[in-house]
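To start, the structure itself, in structure tokens.
No lab work stands behind these numbers, since they all come straight from the coordinates. Because the structure is predicted, anything quoted here is derived from the model rather than measured. Cβ coordinates were reconstructed from backbone atoms using ideal geometry, including for glycine residues, and neighbour counts include every protein chain displayed.
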Amino acid sequence: MDSIIVSGGTPLNGEIAIGGAKNACLALMPAALLTDEPLTLTNAPRLADIATMRALLESLGCEVAALQEGRALALSAATIASRKAHYDIVRKMRASILVLGPLLAREGAAEVSLPGGCAIGARPVDLHLAGLEKLGATLELRDGYVYAAAPNGLRGAEVAFPFVSVGATENVMMAATLAKGVTRLSNAAREPEIVDLARCLRAMGARIEGEGTSTIAIEGVDRLRGATHRVIADRIELGTYMLAPAIAGGEIEFLGVERGLVAALIDLLEAADVAVEDTARGLKVRRRNGVVRAMRVTTAPYPGFPTDLQAQLMALLTQAEGESVIEETIFENRFMHVPELMRMGADIRVKGGEARVRGPAKLRGAPVMASDLRASAGLILAGLAAEGETTVARVYHLDRGYERVEEKLSRCGARIARVRG
Ligand code: UD1
């Protein structure tokens with residue numbers, strides 16, 4: 001297993017190109033199952049999770065060709081060869097559940113393994129299932145699989161989500177594009193990835209309104225056609241790297257992005273005395289000379305502060321003056337980076353869903369263990385602030401969601417390297 005070694009203490013200067021959004025791409029790829037014509041996605045990120053979704057789609061009979069060195073994916077589900085998403089693939093990635101809605105809508109039947117728990121919390125799929133049931137599907141849970149059927153097709157319905165779920169919104173939205181009649185989703189997720197999916201579906205011929213608000217209306221059509229769609233920029237990759245100059249000092253320009261993607265983070269950074277400037281090519285981030293100030297942050301669905309940046313922000317707050325409070329409201333077990341940060345010298349106390357971070361702490365390099373994707377990124381950021389070498393083990397988590405971290409950061413002057421093992 002590879003590890004990454006980071007040595008802190010160097011300011012970072014340069015530019016970083018931000019890739020296509022992993023989470024948008026993971027929802028866009030299953031949309032290919034909704035049509036027998038080809039769907040081409042450009043600006044695709046080259047990540048382990050994308051390879052997993054590709055393998056899953058191929059197992060269903062969807063042909064996937066990587067073009068432009070993997071930066072574009074041509075997906076063609078002319079026929080569906082299998083309606084079964086096997087445990088062997090689904091267990092690797094929760095987003096696999098996103099094939100359920102499209103398969104059911106196109107084929108009238110689907111068998112999808114339940115994704116099961118993962119390190120950051122229980123994460124059930126009950127909202128996905130309840131939404132599809134509202135559209136007229138019959139569901140049965142047996143042997144770890146969801147058996148879904150809608151032999152006479154799905155019907156439009158009112159679906160009111162009891163709380164916001166990104167995945168459930170995507171799954172039901174995709175299924176509703178081929179249902180008879182109108183579906184209205186209320187308390188829908190408003191994430192940019194939802195907006196991106198709606199735009200792609202519309203390019204495929206779907207009738208959708210209201211994406212980006214909490215009420216989305218979908219009028220079903222008989223069939224969807226092929227399209228070419230550019231995946232939006234990855235706001236979590238962007239937010240992660242924006243924290244790097246905030247932690248290490250220096251100035252980095254981020255290419256191909258705009259501030260609307262990370263508005264909640266920018267508000268916090270500006271309050272913490274980190275400057276974020278619009279440029280012709282994207283955004284420039286620079287730590288002002290002053291100290292970073294402590295803050296209170298609560299994770300929330302978009303447009304709130306994303307849970308996927310919580311671990312990375314915590315790395316910055318170990319360096320802030322005073323006591324910061326981070327409240328995690330989305331996942332119940334998403335502080336696993338805390339003991340690792342404490343091994344590096346951070347002063348953090350966790351009680352329930354709240355972490356109190358006292359800074360500035362003098363961090364020292366240490367061997368640490370990544371527990372999940374975003375935690376790994378948080379530990380690398382902490383390594384940039386630490387004296388001496390930090391070795392982050394289990395980098396396969398990181399490779400699920402970040403393309404060549406070590407290259408992007410070392411080009412800005414960071415002392416970081418991957419050790420193959
Ligand atoms: C997506 C993102 C993930 C991000 C999360 C929250 C993808 C591929 N992943 O995950 O990176 O951290 O949004 O922004 O886009 N829940 C239920 N029942 C359900 C569905 C969700 O209880 O049927 C709970 C989850 O356990 C969690 C909360 O709802 O506590 C939000 O989850 P959700 O928005 O669905 O996250 P994902 O779509 O899985």
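Things to note:
- Multiplying the residue separation of T138 and H86 by 0.36 nm and removing their Cα-Cα distance gives an extension gain of 16.8 nm.
- For the listed residue pairs K92/K362; K84/K180; K22/K92; K284/K408; K84/K134, the alpha carbons are over 26 angstrom apart in K92/K362.
- Inter-label distance for E354 and E219, nm, one decimal - labels placed 7 Å from Cα along Cα-to-Cβ: 4.9 nm
- Positive-end extreme of charge dipole, the chain - chosen from L185, T215, P30 (charges on Cβ): P30
- Range of Cα positions in the range 268-309 per principal axis (Å), largest first: 28, 27, 13
- Relative contact order for the range 226-287, counting Cα pairs under 8 Å that sit 6 or more residues apart, in percent: 37 percent
- Net charge of neighbours whose Cβ lies under 13 Å from the Cβ of G108, counting Lys and Arg as +1 and Asp and Glu as -1: +2
- Of A32, A109, A377, the one that fluctuates the most in a GNM where the chain has Cα springs shorter than 10 Å: A109
- Charged side chains reduced to their Cβ positions (Lys and Arg at +1, Asp and Glu at -1) give the range 112-184 a dipole of some 180 debye around its Cα centre.
- Cut-off 13 Å, label 7 Å out along Cα→Cβ of R343, residues of the range 1-29 by amide N: 4
- The mean of 1/r over all distinct Cα pairs in the chain, once inverted, gives the Kirkwood hydrodynamic radius of 21.9 Å.
- Placing +1 on each Lys and Arg Cβ and -1 on each Asp and Glu Cβ, with no other charges, gives the chain a dipole about its Cα centre of roughly 320 debye.
- Selection from G290, A346, Y396, by position along the positive dipole direction of the range 274-421 (Cβ): G290
- Its convex hull of Cα atoms gives the range 111-206 a direction-averaged projected area, equal to a quarter of the hull surface, of 6.7 nm².
- Selection from L255, L57, G14, by position along the positive dipole direction of the chain (Cβ): G14
- Mean Cα-pair separation over length for the chain, i.e. relative contact order, pairs under 8 Å, 6 or more apart, %: 21 percent
- Loop GluC sites (Glu not before Pro), the range 248-353 (other Cβ atoms within 10 Å of the site Cβ: 15 or fewer; DSSP): E258, E332
- Annotation for the range 26-89 versus the range 177-232: alpha-carbon center distance of 19 Å.
- The stretch between R415 and A55 holds 126.1 nm of extra length on full extension. This uses 0.36 nm per residue minus the Cα-Cα distance.
- Placing +1 on the Cβ of every Lys and Arg and -1 on the Cβ of every Asp and Glu, with nothing else charged, gives the range 22-230 a dipole about its Cα centre of roughly 180 debye.
- Listing H86, H397 from fewest to most neighbouring C-beta atoms within 10 Å gives H86, H397.
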